[in-house]
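Down below is the structure, laid out as structure tokens.
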Amino acid sequence: MVIHYNQEKDIELKENTTLKEFLESKGLNKDGVAVAVDEKIIKKVDFDSFVLKDGMAVDVYNMVSGG
């Protein structure tokens, strides 16, 4: 299956990949990101059970601190 990642590229994933697995494959920690799938924010508590489907648009936003 293929998902659209950060409005830039298509990424091939195995079927039934969870959002948590996808983030881990990108080296991202769920505590440092916010994720929208098809323009809907996904709660961090749902990352483990949220299964990505073919054609979904996944946008990952990194939290940045500073001033």
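Throughout, read-outs are computed from the coordinates displayed, never taken from laboratory work. Computed from a predicted model, the values in this text were never measured in an experiment. Every residue, glycine among them, receives a Cβ derived from its backbone with ideal geometry; neighbour counts consider all protein chains shown.
Hey, any hits in segment 48-56 for a residue that's among the acidic types (Asp, Glu) and either assigned to a helix (DSSP H, G or I) or surrounded by 13 or more Cβ atoms within 10 Å (Cβ to Cβ) (or both)?
No, segment 48-56 has no match at all.
How do the pairs read when you match residues in segment 13-33 that are surrounded by 15 or more Cβ atoms within 10 Å (Cβ to Cβ) with residues anywhere that are assigned to a strand (DSSP E or B) and aromatic (Phe, Trp, Tyr), using Cβ under 8 Å and keeping only pairs 6 or more apart or on different chains?
Val33/Tyr61
In segment 36-46, which residues are under 11 Å from Ala57 (Cβ atoms), assigned to a strand (DSSP E or B) and in contact with a strand residue (DSSP E or B) (Cβ under 6 Å, 6 or more places away or on another chain)? Give the derivation first.
Our first condition is that a residue be under 11 Å from Ala57 (Cβ atoms); within segment 36-46, this holds for 36-40.
With assigned to a strand (DSSP E or B) added as a condition, the list becomes 36-37, 40.
Correct list: Ala36, Val37.
Inside segment 34-53, can you point out the residues that are touching a Leu at 6+ places or on another chain (Cβ under 9 Å) and touching a residue at least 24 places away in the same chain (Cβ under 8 Å)?
We begin by selecting, within segment 34-53, every residue touching a Leu at 6+ places or on another chain (Cβ under 9 Å); these are 35, 37, 42, 46-52.
Scanning segment 34-53 gives Val35, Asp46, Phe47, Asp48, Ser49, Phe50, Val51, Leu52.
From the set of residues in segment 34-47 that are surrounded by fewer than 13 Cβ atoms within 10 Å (Cβ to Cβ) and of a type in the set (Val, Ile, Thr), which is farthest from the chain's Cα centre (by Cα)?
Val45
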